[in-house]
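Let me begin by presenting the structure, written as structure tokens, before commenting on it.
The numbers here are math on the coordinates, done by the rules we state, and not lab data. Bear in mind that the values here come from a model prediction, so they are computed numbers and not experimental data. Virtual Cβ from ideal backbone geometry, glycine too; neighbours counted across all protein chains shown.
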Amino acid sequence: MSAAEGADLKGGHPPAVKVGGMRVVQHKDGKEKPAEQLTKEEQEEFGTSPPKSDTHHQSVLVGGTITQGDKDFPPEAVKHYHNKPLPTHDTRPAAKNFNIQQPR
């Protein structure tokens, strides 16, 4: 290892790049692999699009019991459960009457 290489490295990697006194983030993304091409036989067998999931007929284990998704919990009921009820009566503190006792 020469002296020039050792001066450029800090902790085994080059020092941070700074612009205007601020560090510049440099993320190195991995190279994306191209999607594997299906053969003609596989396209006929499986089709070209991914299978669609049916949320209405899906079984999910919730709290030890099997639920039927939208059948057991309709969206309106879930929305009603998650919304906080608004107060119907505005309760403000009663106005205090400040009487200052002063001698005559």
query = Counting other Cβ atoms within 10 Å, which chymotrypsin sites (Phe, Trp or Tyr not before Pro) in the range 40-102 have at most 13 and lie in a DSSP loop?
reply = PHE98
message = So if each residue of separation counts as 0.36 nm, and I subtract the Cα-Cα distance between LYS52 and PHE98, what length gain in nm does that give?
response = 9.5 nm
